[in-house]
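Worksheet: one structure, shown below.
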Amino acid sequence: MSYSEIESQTHEAEDTPVFLPFLFGERCPGWNDEGSGGFLEVKPHHTVFDLYRAVQEGTLFNLYQCYQTLTRLNGVPNRIKFSGGILRSESWTQMCADIFQTDLEVDTIEHGSMMGAAVLAMEHLGLLKDISTFRPPAARIIRPDAAKADFYQRKFARYLTCYQNNNPAF
């Protein structure tokens, strides 16, 4: 099934199962190689589409948890560039903006992270004098829906409770 076919069957719900995306141990923020992941709070009425939605949410909640740690240490970034396979899913992309409650810039280059690595290499080789001069324009901006902020904060709180119960060292 395509993303659009699957996502036409999903919906936002308070009681979506919680997915901890640490199937191969946890990297960040707890750095626990023995950490485990999987689905929690699964009920008999949940469908495969609810599990799909839980995977999307859990992945983004982990990123948001890392983002919170980074912003506590370094402050809030001026902008967030968004790239990669997630862009193939409008629903997941919008969910990310709604969870982070910030604009996400999408460049014309699909894999912007790879372009960033190439730009860093160009700077290292002396081909680019000042990396701050490389600023590809945003092709589009994904704006958060402020009406979803409380909904996702409640869901994130559930995620954190499950995370802390699964990773007592955190």
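The values are calculated or read from the model by the stated rules, or taken from the named source; none is laboratory data. Everything numeric here is computed off the predicted structure, so don't read it as measured data. Positions of Cβ are generated from backbone atoms using ideal geometry, with glycine treated the same way; all protein chains shown enter the neighbour counts.
Of everything in the range 15-25 that's among the aromatic types (Phe, Trp, Tyr) and assigned to a loop (DSSP other than H, G, I, E, B), which residue is nearest to Glu90 (Cα to Cα)? Steps first, please.
Here is the first cut: in the range 15-25, the residues among the aromatic types (Phe, Trp, Tyr) are 19, 22, 24.
Keeping just the survivors that are assigned to a loop (DSSP other than H, G, I, E, B) gives 22, 24.
Working: Phe22: 24, Phe24: 27 Å.
In this case the residue turns out to be Phe22.
Residues considered: Pro17, Pro29. Of these, the only one that is in contact with a Ser or Thr (Cβ under 6 Å, 6 or more places away or on another chain) and surrounded by 12 or more Cβ atoms within 10 Å (Cβ to Cβ) is Pro29.
Taking (1) surrounded by fewer than 17 Cβ atoms within 10 Å (Cβ to Cβ); (2) under 27 Å from Tyr3 (Cα atoms) in turn, Thr161 satisfies each apart from (2). Look at Glu12 and say whether it is closer than 25 Å to Asp103 by Cα, in a loop (DSSP other than H, G, I, E, B) and among the charged types (D, E, K, R). So Glu12 passes the test. Across the range 121-137, the qualifying residues are those that are touching a Leu at 6+ places or on another chain (Cβ under 9 Å) and outside any loop (DSSP other than H, G, I, E, B), and the one among them that is modelled with the highest pLDDT is Ala121.
Scan Leu60, Leu70, Leu87 and give me the residue that is assigned to a helix (DSSP H, G or I), surrounded by 16 or more Cβ atoms within 10 Å (Cβ to Cβ) and modelled with pLDDT under 95.
Details: Leu60 fails: modelled with pLDDT under 95; Leu70 fails: surrounded by 16 or more Cβ atoms within 10 Å (Cβ to Cβ).
Every option except Leu87 fails the conditions.
Listed conditions (1) touching a strand residue (DSSP E or B) at 6+ places or on another chain (Cβ under 9 Å); (2) touching a residue at least 60 places away in the same chain (Cβ under 8 Å) are all met by Val55, apart from (2).
Of the candidates Ile99, Ile141, the single residue that is closer than 24 Å to Gly35 by Cβ, outside any loop (DSSP other than H, G, I, E, B) and modelled with pLDDT of 85 or more is Ile99.
Could you please let me know if Asn78 is closer than 24 Å to Thr93 by Cα and surrounded by fewer than 11 Cβ atoms within 10 Å (Cβ to Cβ)? Quick ask: steps written out before the conclusion?
Working: closer than 24 Å to Thr93 by Cα: yes; surrounded by fewer than 11 Cβ atoms within 10 Å (Cβ to Cβ): yes.
So Asn78 passes the test.
Checked against (1) surrounded by 13 or more Cβ atoms within 10 Å (Cβ to Cβ); (2) within 16 Å of Phe19 (Cα to Cα); (3) aliphatic (A, V, I, L, M), Val48 meets all criteria but (1).
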